[in-house]
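J.: Below is the structure I would like to discuss, written out as structure tokens.
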Amino acid sequence: MSFQIEKLEKNMAKLTIEVAAEDFSKAVEEAYQKNKGKISVPGFRKGKVPKKMIEQMYGKGVFYEDAANALIPQAYEKALEECTETIVSSPKIDVTQIEEGKPFIFTAEVALKPEVTLGKYKGIEVEKIDTTVTDEEVDEDLKKQQENNARTVSVDRPVQDGDTAVIDYEGFVDGVAFEGGKGTDHSLVIGSHSFIDGFEEQLIGKKAGEECEVNVTFPEQYHAKELAGKPAVFKVTVKEVKEKQLPELNDEFAGEVSEFETLAEYREDIRKKLTEKKEADAKNAKEDKVIDAIIEDAKMDIPEAMVETQQRQMVDEFGQRLQMQGLTMEQYFQFTGLNYDHMLTQVKPQAERKIKSRLVLEAVVAAENITASEEDFEEEVKKMADNYKMEADKIKEIFGEQGKKQIMEDLAVRKAAEFVVNEAVEK
């Protein structure tokens, strides 16, 4: 295998990769062996048809596609190992010569890592963020805890805003019941806006045992297209009315919901945790503002192929997170009405920012000779081992030398972020 690289405009390049004729012939033979059992020719048993006979019937290139698909990943990977340029996108492959007895030649158009010219990156001015926690914020958090520990009890009075109405219902459009429009013993929180606009408000004033009709209109953008924009009538029976009863805020409440014996101690713990969160949020916001300022003052030409690769990676990672929650991308698309291309468009701004952020921080690493030590690596591996409940040596084995190199680079970039934030000036 040999390759040549031709640099194109806008940090793009074309790799021309050549695979020896004998390697291509071997791949064709392997494709024949793999597929011969699937091909039927009169007069021959399956798997016994000679290669030349199949080529005469289906064309000399019948096995070329399978051979190419087997060769391209291996040859491209080898070219990457030998290439001195840093490639930052998935390749766009084009076969330029494919014929048995001749070298197999294909091209791979790729994006190259762009050079970054840093502007100002030390002494960036940012506005100081106030992390003071007010009494009102403590009260608000305490109120949330009170709400979370509320209980609902049945009451003998008409429905009010904030109550839970237990209802049976059935919906009709043009006098005909529609699919999915029926429910029994459904607990509906009035004011939650979990039903169609206008539905919940029409239950206010109704009592347990009362039947009524609720008139609504489905939104124009409703997910069930056959119902979108249409008026509907729901026949509703209110079976039970429940109200939320909040616990009293006192020492007893504090003892039940926390490790503290008094409400005063609990309030101080809330203040401490809110302060820690505000300080963490402020630190992240400061880092974002500093890096944005560095990006703004830097010069770099980001190839579109690099952005597209980052977009696909972000959407695919989102899909992996969905799978961990028991959902597929197809199900997500059905629920949201989105599709893969729409999501690619949605994440493009984040993809561009992520790339620029990484590039400028890598440039700071180079400018300031920032490195990660073996101690940094060991500490990072220990964190991973703790998170994944694995032995540290097993983590190292999984990552290998290439993985270690990537971790060390990531740690250096993280140090660069800390460096520019520490160098920033708050005003």
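The values are calculated or read from the model by the stated rules, or taken from the named source; none is laboratory data. These numbers were taken from a predicted model, which means no experiment stands behind them. Neighbour counts run over all protein chains shown; Cβ positions are idealised from the backbone, glycine included. Side chains included, ligands, DNA and RNA excluded: accessible areas come from the protein's heavy atoms. Shrake-Rupley method; radii C 1.70, N 1.55, O 1.52, S 1.80 Å.
J.: Considering Gln311, Gln323, which residue is over 30 Å from Ser187 (Cα atoms) and either touching a helix residue (DSSP H, G or I) at 6+ places or on another chain (Cβ under 9 Å) or part of a helix (DSSP H, G or I) (or both)? I'd like the intermediate steps shown before the answer.
T.: Working: Gln323 fails: over 30 Å from Ser187 (Cα atoms).
It is Gln311.
J.: OK, next. Pull out all pairs, ordered by first then second residue, where Cβ-Cβ is under 6 Å, the residues are six or more apart or on different chains, the first lies in segment 121-133 and is within 17 Å of Lys415 (Cα to Cα), and the second is assigned to a loop (DSSP other than H, G, I, E, B) and not aromatic (Phe, Trp, Tyr).
T.: Short answer, once both residue conditions are applied: Ile124/Ala424.
Conditions (1) open to solvent by 60 Å² or more (accessible area, probe 1.4 Å); (2) hydrophobic (A, V, I, L, M, F, W, C); (3) out of contact with any Asp or Glu (no Cβ under 9 Å at 6 or more places or on another chain), marked per residue:
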position	(1), (2), (3)
Gln310	no, no, no
Gln313	yes, no, yes
Gln325	yes, no, yes
Arg353	yes, no, no
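J.: Can you pull out the residues in segment 256-275 that are assigned to a helix (DSSP H, G or I) and either among the hydrophobic types (A, V, I, L, M, F, W, C) or open to solvent by less than 40 Å² (accessible area, probe 1.4 Å) (or both)? First the steps, then the outcome.
T.: Filtering segment 256-275 down to residues assigned to a helix (DSSP H, G or I) leaves 256-257, 263-275.
Across segment 256-275, the qualifying residues are Val257, Leu263, Ala264, Tyr266, Asp269, Ile270, Leu274, Thr275.
J.: Right, next: So which residues in segment 154-193 are touching a strand residue (DSSP E or B) at 6+ places or on another chain (Cβ under 7 Å) and at positive phi, if there are any at all?
T.: Within segment 154-193, Gly162, Asp185 meet the criteria.
J.: Also, I was wondering about something else. Exactly one of these conditions fails for Asp376: (1) in contact (Cβ under 8 Å) with a residue 60 or more places away in the chain; (2) over 23 Å from Glu115 (Cα atoms). Give me its number.
T.: (1)
J.: Considering only residues that are of a type in the set (A, V, I, L, M) and open to solvent by 30 Å² or more (accessible area, probe 1.4 Å), look in segment 56-81 and name the one that is nearest to Lys36 (Cα to Cα). First the steps, then the outcome.
T.: Step one: filter segment 56-81 for residues of a type in the set (A, V, I, L, M), giving 57, 62, 67-68, 70-72, 75, 79-80.
Among the residues that remain, those that are also open to solvent by 30 Å² or more (accessible area, probe 1.4 Å) are: 57, 62, 70, 80.
Working: Met57: 13, Val62: 11, Ala70: 17, Leu80: 33 Å.
Per the criteria, the residue is Val62.
J.: Can you name the condition, by its number, that Tyr388 falls short on among (1) under 22 Å from the mean Cα position of the chain (by Cα); (2) open to solvent by less than 80 Å² (accessible area, probe 1.4 Å)?
T.: It is condition (2) that Tyr388 fails.
J.: Against the conditions (1) open to solvent by less than 30 Å² (accessible area, probe 1.4 Å); (2) in contact with a Lys or Arg (Cβ under 8 Å, 6 or more places away or on another chain), where does Ser90 fall short? Just the number, please.
T.: (1)
J.: So which of Thr132, Thr117, Thr84, Thr96 ends up being loosely packed, with under 12 Cβ neighbours inside 10 Å, of a type in the set (S, T, N, Q) and under 30 Å from Arg267 (Cα atoms)? Walk me through how you get there before you give the answer.
T.: Details: Thr117 fails: under 30 Å from Arg267 (Cα atoms); Thr84 fails: under 30 Å from Arg267 (Cα atoms); Thr96 fails: under 30 Å from Arg267 (Cα atoms).
Answer to the selection: Thr132.
J.: Are any of the residues in segment 135-150 of a type in the set (A, V, I, L, M), modelled with pLDDT of 95 or more and within 30 Å of Lys272 (Cα to Cα)? So that I can check it myself, show each step before the final result.
T.: Taking segment 135-150 as the starting set, the residues that turn out to be of a type in the set (A, V, I, L, M) are 138, 142, 150.
Within this subset, residues satisfying the condition of being modelled with pLDDT of 95 or more are 138, 142.
Going one step further and asking which of them are within 30 Å of Lys272 (Cα to Cα), we end up with 138, 142.
Taking every residue of segment 135-150 in turn, at least one turns out to be of a type in the set (A, V, I, L, M), modelled with pLDDT of 95 or more and within 30 Å of Lys272 (Cα to Cα).
J.: On to the next question. Suppose we keep only residues that are crowded, with 17+ Cβ neighbours inside 10 Å and part of a loop (DSSP other than H, G, I, E, B) within segment 279-308. Which one would you say is farthest from the chain's Cα centre (by Cα)?
T.: In this case the residue turns out to be Ala298.
J.: Here's another thing I want to ask about it. Output the number of residues of segment 19-67 satisfying the condition of being among the charged types (D, E, K, R) and outside any helix (DSSP H, G or I). Spell out how you get there, then give the answer.
T.: Just the residues of segment 19-67 that are among the charged types (D, E, K, R), to begin with: 22-23, 26, 29-30, 34, 36, 38, 45-46, 48, 51-52, 55, 60, 65-66.
So of that shortlist, the ones also outside any helix (DSSP H, G or I) come out as 45-46, 48, 60.
So the answer is 4.
J.: Then there is this: When residues of segment 229-241 are filtered for being open to solvent by less than 50 Å² (accessible area, probe 1.4 Å) and either in contact with a Cys (Cβ under 6 Å, 6 or more places away or on another chain) or under 20 Å from Gly183 (Cα atoms) (or both), how many remain?
T.: In the first step, residues of segment 229-241 are kept if they are open to solvent by less than 50 Å² (accessible area, probe 1.4 Å); the result is 229, 232-234, 236-238, 241.
Adding the requirement that they be either in contact with a Cys (Cβ under 6 Å, 6 or more places away or on another chain) or under 20 Å from Gly183 (Cα atoms) (or both) leaves 232-234, 236-238, 241.
Count: 7.
J.: Which numbered condition in (1) over 33 Å from the mean Cα position of the chain (by Cα); (2) crowded, with 18+ Cβ neighbours inside 10 Å; (3) hydrophobic (A, V, I, L, M, F, W, C) is the only one that Ala150 fails?
T.: Going through (1) over 33 Å from the mean Cα position of the chain (by Cα); (2) crowded, with 18+ Cβ neighbours inside 10 Å; (3) hydrophobic (A, V, I, L, M, F, W, C) one by one, Ala150 breaks only (2).
J.: Taking the condition over 14 Å from the mean Cα position of the chain (by Cα), buried (at least 17 other Cβ atoms within 10 Å of the Cβ) and not small (Gly, Ala, Ser), does Val347 pass? Before the answer, list the steps.
T.: Details: over 14 Å from the mean Cα position of the chain (by Cα): no; buried (at least 17 other Cβ atoms within 10 Å of the Cβ): yes; not small (Gly, Ala, Ser): yes.
Spelling it out, it is not the case that Val347 is over 14 Å from the mean Cα position of the chain (by Cα), buried (at least 17 other Cβ atoms within 10 Å of the Cβ) and not small (Gly, Ala, Ser).
J.: Being outside any loop (DSSP other than H, G, I, E, B), acidic (Asp, Glu) and out of contact with any Ser or Thr (no Cβ under 7 Å at 6 or more places or on another chain) narrows it down to one residue among Asp185, Asp168; which is it? Before the answer, list the steps.
T.: Values: Asp168 fails: out of contact with any Ser or Thr (no Cβ under 7 Å at 6 or more places or on another chain).
Among Asp185, Asp168, only Asp185 is outside any loop (DSSP other than H, G, I, E, B), acidic (Asp, Glu) and out of contact with any Ser or Thr (no Cβ under 7 Å at 6 or more places or on another chain).
J.: Can you find a residue that is open to solvent by 40 Å² or more (accessible area, probe 1.4 Å), under 18 Å from Glu368 (Cβ atoms) and at pLDDT 90 or above anywhere in segment 393-403? Step through it out loud before you land on a result.
T.: Going through segment 393-403, the residues open to solvent by 40 Å² or more (accessible area, probe 1.4 Å) turn out to be 393-394, 396-399, 401-402.
Add one more test, that the residue is under 18 Å from Glu368 (Cβ atoms), and what stays is none.
Looking for residues that are open to solvent by 40 Å² or more (accessible area, probe 1.4 Å), under 18 Å from Glu368 (Cβ atoms) and at pLDDT 90 or above, one finds none in segment 393-403, hence no.
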